[in-house]
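Read-outs: derived from the displayed coordinates by stated rules, not from any lab. From a predicted model like this one, the values you see are computed outputs, not experimental measurements. Note that each Cβ is placed from the backbone with ideal geometry, even for glycine, and that neighbours are counted across all protein chains shown.
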Amino acid sequence: MYVPRFNALDDDAAIRAMVTGVGSAELVTVGEDGYPLATRLPVVWDDERLVFHIARANPHWRSVPVDASVPALAVVTDAEAYISPGWYATKAEHGRVVPTWNYSAIQITGRLRRIEDPSWLRAAVTMLTDQHESARAEPWAVTDAPTTFVDKQLRAIVGLELTIERVEGKAKLSQNRSDEDRAGVVRGLRAEGAARESVVADQIEQLQS
């Protein structure tokens with residue numbers, strides 16, 4: 001991923017928080033024909049690995065051998081938005097402005113292995129469920145469902161584990177613009193009135209605080 005110095009996101013805690021907050025990743029591998037395969041999957045970052053599960057009906061998992069590991073890429077993307085040059089204060093000064101796209105993304109590269117052990121799968125889905133349910137007033141747990149039902153559901157999925165080798169983070173949030181231009185971007189995004197634009201506006205303001 002191309003990451004200019006002023007867009008680099010290198011705070012480990014912030015990177016992990018983004019992955020956990022988004023909760024999913026585009027998992028990319030290469031198929032037998034040499035073409036890329038990609039599937040959006042729920043993800044848990046556990047120590048130095050990413051834990052996924054994929055529907056057995058999805059042929060993507062067959063690109064990962066059971067007795068070896070293969071190179072893979074997981075892409076996590078946060079809120080993103082179009083940035084109009086009309087929002088910049090400098091448009092009125094000299095007009096030398098163009099549109100751009102603001103976004104935050106994490107790319108995690110490593111080696112991926114397939115796992116079909118029922119105990120591993122149960123632990124994986126329990127970890128994923130706990131991650132999303134723990135803050136609820138009445139959290140649901142895997143153990144709330146009948147064991148025989150859960151066993152049947154586990155047979156319908158395949159586990160995937162990515163051992164992390166490289167993490168790259170990028171937050172393109174108008175850092176290269178003046179304070180006045182960024183203020184204009186925030187106003188413009190909020191005027192759009194959509195949820196993702198509001199999130200990007202919040203992120204720009206957080207950088208300034």
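The set of residues from region 90-129 being surrounded by fewer than 14 Cβ atoms within 10 Å (Cβ to Cβ) and farther than 30 Å from Gly184 by Cα comprises Asp117, Pro118, Ser119, Met127.
Considering (1) in contact with a Ser or Thr (Cβ under 8 Å, 6 or more places away or on another chain); (2) surrounded by 14 or more Cβ atoms within 10 Å (Cβ to Cβ); (3) closer than 19 Å to Ala123 by Cβ, say which one Leu50 fails and leave the rest. With respect to (1) in contact with a Ser or Thr (Cβ under 8 Å, 6 or more places away or on another chain); (2) surrounded by 14 or more Cβ atoms within 10 Å (Cβ to Cβ); (3) closer than 19 Å to Ala123 by Cβ, Leu50 is out only on (1). Residue check: Ser119 meets all listed conditions (1) under 21 Å from Pro42 (Cβ atoms); (2) in contact (Cβ under 8 Å) with a residue 24 or more places away in the chain but one, namely (2). As a summary of the residue check, Asp151 satisfies the conditions (1) over 16 Å from the mean Cα position of the chain (by Cα); (2) in contact (Cβ under 8 Å) with a residue 12 or more places away in the chain; (3) closer than 30 Å to Ala79 by Cβ; (4) outside any loop (DSSP other than H, G, I, E, B) except for the one numbered (3).
Here the condition is being more than 25 Å from Gln153 (Cβ to Cβ) and in contact with a Gly (Cβ under 7 Å, 6 or more places away or on another chain); of Trp101, Trp87, Trp120, it holds for Trp87 alone. Which of the residues spanning region 181-209 are surrounded by 14 or more Cβ atoms within 10 Å (Cβ to Cβ) and of a type outside the set (D, E, K, R)? Correct list: Ala183, Gly184, Val185, Val186, Gly188, Leu189, Ser198, Val199, Val200, Ala201, Gln203, Ile204.
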